[in-house]
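Here's the structure, in structure tokens; my notes come after.
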Amino acid sequence: MRLLTAALAAATVLTATAAAWQPTDPPSVPSVKIKPGTSKGTGRLTPIAGSDRVVAPLGVDPACPAKIEIGMRSDAKAPSYANLSVEIDQPLTASRSMLTSYLPPGYELGAKLLIAVPPTTSEGSYALRLKTPSQTLSVPVQVVTLDQLDNGGNVALRRPVTASSQHTNANYPPCSVADGDSGSNGWAGGNGWNDATARAWPDTVAIALGGPKQISRVDLYTLHTERYPASIFGLRDWDVQAGLNGQWQTVAQVRGNTAGFVRSDFTPVTADAVRIVALASNGANDYTRITEVEVR
């Protein structure tokens with residue numbers, strides 16, 4: 001199974017950036033996923049999508065575009081090379097125009113697709129089309145302003161983010177701490193922020209909230225998987241600060257954390273920004289690793 005997965009990944013056409021890892025850095029999660037299954041023997045190659053629509057907000061950092069899982073499933077009777085073409089309405093652009101892989105019968109291939117929205121794009125509905133020789137799957141893409149975005153009560157969602165530094169060995173954009181994805185999958189591939197100053201503290205990441213908001217809770221997610229647990233790779237000590245007109249006050253403190261998620265509740269305050277002041281991490285290399293910050 002491992003050899004087959006490696007062969008499939010090698011055969012897949014990808015858009016990726018090589019990372020020069022340091023020995024103590026946890027590697028990124030592969031951008032292509034292979035799932036075995038049972039073929040119905042119809043001979044069809046079915047396009048698939050991870051959601052029934054994409055919401056792509058205007059005015060976000062280009063380093064954190066909208067994303068969706070796409071892929072294809074083979075119902076052929078024999079192994080073969082499978083092709084999926086990707087089309088999207090202009091002026092939107094997609095990170096790949098083709099997905100190609102060798103697929104055994106019943107197998108499913110999945111990959112992440114990034115959707116960029118130029119700043120001059122008009123609000124409204126667009127279409128993403130995933131095409132195989134036997135079928136076309138159309139996925140609506142809704143372009144909205146940040147103020148129209150359904151944030152589910154998280155006032156930090158998709159808001160501008162600034163950080164004290166950014167590790168350059170892979171893709172660790174600060175904006176990813178407010179992109180709505182709190183998981184650690186895709187670490188070093190655009191899902192999570194890693195600072196550039198090992199063993200040097202403090203590190204800071206700040207989120208502008210788009211105007212004064214009353215807040216009373218900040219949730220922080222740090223790198224945490226079964227293989228790379230927060231107790232070794234995650235953030236240990238930090239302060240939560242609320243800002244108004246450039247003035248910061250500490251509203252919560254966390255010390256000795258070993259979990260992947262920490263909720264900080266505090267007396268309600270009015271703030272137009274929230275800042276995490278990282279003071280220490282777990283593990284020998286001591287970087288700050290944050291996958292998401294939610295503000296409520």
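When both the stretch 46-62 and the stretch 149-179 are represented by their alpha-carbon centers, they are found 17 Å apart.
Spin-label pair ASP272-ALA200: with each label point 7 Å from Cα along the Cα-Cβ axis, the two points sit 3.1 nm from one another.
Neighbours of GLU108, meaning other residues whose beta-carbon lies under 14 angstrom from its beta-carbon, give a summed charge of +3 when Lys and Arg score +1 and Asp and Glu score -1.
Assuming R0 = 22 Å, what is the FRET efficiency of ASN185 and ASP61, from their Cβ-Cβ distance, to the nearest 0.05? For R0 = 22 Å, the calculated efficiency reads 0.60.
How much FRET efficiency would the formula 1/(1 + (r/R0)^6) give for THR258 and ARG129, where r is the Cβ-Cβ distance and R0 is 51 Å, rounded to 0.05? Once rounded, the FRET efficiency stands at 0.65. The stretch 251-296 and the stretch 190-239 have Cα centres spaced 5 Å apart. Only Cα pairs under 8 Å and 6+ residues apart enter the sum, and on that basis the relative contact order of the stretch 31-147 stands at 35 percent.
Relative contact order for the chain: what percent, with Cα pairs under 8 Å and sequence separation of 6 or more? After rounding, I find 17 percent.
GNM remark for the chain: springs join alpha carbons under 10 Å apart, and the peak mean-square fluctuation among SER281, SER164, SER184 falls on SER164. Charge tally around GLU294: other residues with Cβ under 15 Å, Lys/Arg +1 each, Asp/Glu -1 each, net +1. Summing +1 for each Lys or Arg and -1 for each Asp or Glu among the other residues whose beta-carbon sits under 13 angstrom from that of VAL144 gives -1. With contacts taken as Cα pairs under 8 Å at a separation of at least 6 residues, the stretch 151-295 carries a relative contact order of 32 percent.
Springs join every pair of Cα atoms under 10 Å in this Gaussian network model of the chain, and among THR42, THR222, THR145 the largest mean-square fluctuation is at THR42.
The length gained by stretching the chain between GLU108 and LYS40 to full extension, at 0.36 nm per residue less their Cα-Cα distance, is 23.2 nm. Each Lys and Arg contributes +1 and each Asp and Glu -1, all at the Cβ; summed about the Cα centre of the stretch 151-295, the dipole is approximately 80 debye. Using just its DSSP H runs of length 4 or more, each adding -39500 (n - 2.57), the chain gives a mean residue ellipticity at 222 nm of -1000 deg cm²/dmol after division by all residues. Taking only Cα atoms, what is the 0 to 90° angle, nearest 10, from helix 2-11's long axis to the longest principal axis of the chain? Roughly 80 degrees, rounded to the nearest 10. Label-to-label distance, ASN83 versus LEU146, with points set 7 angstrom from Cα along the beta-carbon direction: 4.2 nm. Here the dipole of the chain is about 860 debye; that uses its Cα centre as origin and unit charges on the Cβ of Lys and Arg (positive) and Asp and Glu (negative).
The label-point distance for GLN247 and THR121, in a model that sets each label 7 Å from Cα toward Cβ, rounds to 4.0 nm.
Rule-based calculations on the coordinates, nothing more; no lab input. It should be emphasised that the depicted structure is a prediction, and the values quoted were computed from it without experimental measurement. Cβ coordinates were reconstructed from backbone atoms using ideal geometry, including for glycine residues, and neighbour counts include every protein chain displayed.
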